[in-house]
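Comments concern the structure below.
The values are calculated or read from the model by the stated rules, or taken from the named source; none is laboratory data. As the structure is a prediction and not an experimental result, all values here were calculated from the model. When we count neighbours, we look across all protein chains shown, and the Cβ atoms used for this are built from the backbone with ideal geometry, even at glycine. The protein model used for the area step is the full one, side chains on, heavy atoms only, and it has no ligands, DNA or RNA in it. Shrake-Rupley method; radii C 1.70, N 1.55, O 1.52, S 1.80 Å.
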Amino acid sequence: LTGVLDDCLCDIESIDDFNTFKIFPKIQKLQERDYFRYYKVNLKRPCPFWADDGHCSIKDCHVEPCPESKIPVGIKAGSSNKYSKAANNSKELEDCEQANKLGAVNSTLSNQSKEAFIDWARYDDSQDHFCELDDERSPDAQYVDLLLNPERYTGYKGPSAWRVWNSIYEENCFKPRSVYRPLNPLAPSRGGLGSVCLFSWTGLCLEKRVFYKLISGLHASINLHLCANYLLEETWGKPRWGPNVKEFTRRFDPIETKGEGPRRLKNLYFLYLIELRALSKVAPYFERSVVDLYTGNGHEDAESKALLLDIFKDTKSFHMHFDEKSMFAGDKKGAKSLKEEFRLHFKNISRIMDCVGCDKCRLWGKLQTQGLGTALKILFSEKEIQSLPENSPSKGFQLTRQEIVALVNAFGRLSTSIKELQNFKVLLQQTR
């Protein structure tokens with residue numbers, strides 16, 4: 001992959017260098033901070049679009065929640081149950097830890113973290129939220145430690161997984177007329193054209209091209225994570241994950257994908273630019289003294305904010321940003337209608353994530369979708385951000401902690417994807 005990306009004045013090599021030497025090391029460090037590592041998610045919401053066709057039964061998909069007596073007080077919103085030395089040695093906890101080793105979503109939290117969640121909830125409740133997130137107060141919502149639940153290939157595939165992406169592309173995405181969907185190895189070919197993938201943007205305005213590229217880029221990024229963190233073997237009950245060159249080739253090689261693979265990767269770079277732009281635009285919101293990354297640990301909070309502001313400084317130094325001002329710039333009535341259509345399509349896609357049968361895949365799908373949704377919210381709120389008061393919460397623009405965590409982790413995933421792509425280039429050269 002080389003050269004300039006469509007619909008922007010940025011080349012791939014510049015993004016590679018910027019990400020490798022400036023962004024990637026810092027965003028990795030930021031994601032390890034307490035404020036950004038815990039994400040509250042509801043993995044039990046029913047699929048709103050079709051009857052549930054069964055959850056993934058593979059152990060690495062499975063969520064094995066700890067017994068209620070072991071769940072920290074911060075998650076249970078006021079319950080008095082606490083960890084004890086005796087409880088830590090119980091068989092229940094051993095069973096829970098065994099499930100964690102198998103790659104299940106680990107919904108337990110450290111003893112040091114539980115009190116912080118009480119303070120976080122109290123602090124968040126005192127803020128003037130921009131919007132109320134559906135999952136936040138649901139009894140089924142739980143905090144998950146993202147560091148203990150890395151995104152990786154779990155074995156979840158086949159008709160159920162393809163159904164989700166087919167629904168996104170076919171029913172909720174503006175797409176080039178000649179891109180044949182589903183690009184699904186399980187689907188029958190369409191006559192003589194089944195082996196050919198022509199590509200034309202005819203009839204698609206900039207906004208619709210951008211929407212398609214965002215979804216395609218997200219799909220490519222998720223596939224890259226799965227290829228880079230693939231279950232290679234399991235010896236004596238100990239799984240080993242690592243890069244799978246064969247799987248990467250199957251998903252992205254020009255011949256294997258009928259010319260579609262390199263375009264998917266270019267869309268990954270385009271998505272990276274969009275979220276990078278959002279980070280640079282939202283910097284004034286965080287630069288105010290009234291905004292803290294509050295965990296209850298003053299020293300760590302100050303360090304986390306300093307690191308975040310340092311990343312914002314880097315994002316502003318990048319000279320080839322996507323220009324979102326070119327979007328929705330036509331006549332006011334038409335632009336408003338198109339923007340609303342854009343918003344509703346994306347909202348629908350975020351709801352489709354509740355149809356993912358693998359809980360770990362659902363966790364990361366929901367987080368990355370919410371991160372992108374937060375980025376779009378930022379890009380469409382430039383005037384409100386510019387007029388923020390310095391010393392008081394804003395009523396015009398507000399981000400919840402949940403949105404902030406999703407925004408940073410979603411961009412961290414894109415940064416990791418581009419870094420992993422460099423690793424696969426080296427591995428491919430070694431196999432030739």
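Could you tell me whether any residue of segment 251-266 is of a type in the set (D, E, K, R) and free of Cβ contacts under 8 Å to residues at least 24 places away in the same chain?
There is at least one residue in segment 251-266 that is of a type in the set (D, E, K, R) and free of Cβ contacts under 8 Å to residues at least 24 places away in the same chain.
Take residue 283 and decide whether it is without any contact (Cβ under 8 Å) to a residue 60 or more places away in the chain and open to solvent by less than 10 Å² (accessible area, probe 1.4 Å).
In short, yes.
Does segment 293-306 contain any residue that is β-branched (Val, Ile, Thr), in a helix (DSSP H, G or I) and in contact (Cβ under 8 Å) with a residue 24 or more places away in the chain?
The answer is no, given that none of the residues of segment 293-306 is β-branched (Val, Ile, Thr), in a helix (DSSP H, G or I) and in contact (Cβ under 8 Å) with a residue 24 or more places away in the chain.
Residue-wise test of (1) open to solvent by 20 Å² or more (accessible area, probe 1.4 Å); (2) in a loop (DSSP other than H, G, I, E, B); (3) in contact with a Gly (Cβ under 6 Å, 6 or more places away or on another chain); (4) at pLDDT 90 or above.
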residue	(1), (2), (3), (4)
199	yes, yes, no, no
204	yes, yes, no, no
218	no, no, no, yes
233	yes, no, no, no
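For residues in segment 25-49 being surrounded by 17 or more Cβ atoms within 10 Å (Cβ to Cβ) and of a type in the set (Phe, Trp, Tyr), which is nearest to residue 356 (Cα to Cα)?
The qualifying residue nearest to residue 356 (Cα to Cα) is 39.
With segment 1-55 as the region, which helices (runs of 4 or more DSSP H) entirely inside it contain at least 3 residues that are touching a Ser or Thr at 6+ places or on another chain (Cβ under 6 Å) and among the aliphatic types (A, V, I, L, M)?
Result: empty, no element qualifies.
Would you be able to say whether some residue in segment 374-397 is touching a residue at least 40 places away in the same chain (Cβ under 8 Å), open to solvent by 40 Å² or more (accessible area, probe 1.4 Å) and in a helix (DSSP H, G or I)?
The answer is yes; a qualifying residue exists.
Pairs please, first residue from segment 142-153 and hydrophobic (A, V, I, L, M, F, W, C), second anywhere and assigned to a loop (DSSP other than H, G, I, E, B) and open to solvent by less than 40 Å² (accessible area, probe 1.4 Å), Cβ atoms under 6 Å, 6+ apart in sequence or on different chains.
144/107; 148/106
Kindly establish whether residue 316 is in contact with a strand residue (DSSP E or B) (Cβ under 6 Å, 6 or more places away or on another chain) and at pLDDT 80 or above.
It is false that residue 316 is in contact with a strand residue (DSSP E or B) (Cβ under 6 Å, 6 or more places away or on another chain) and at pLDDT 80 or above.
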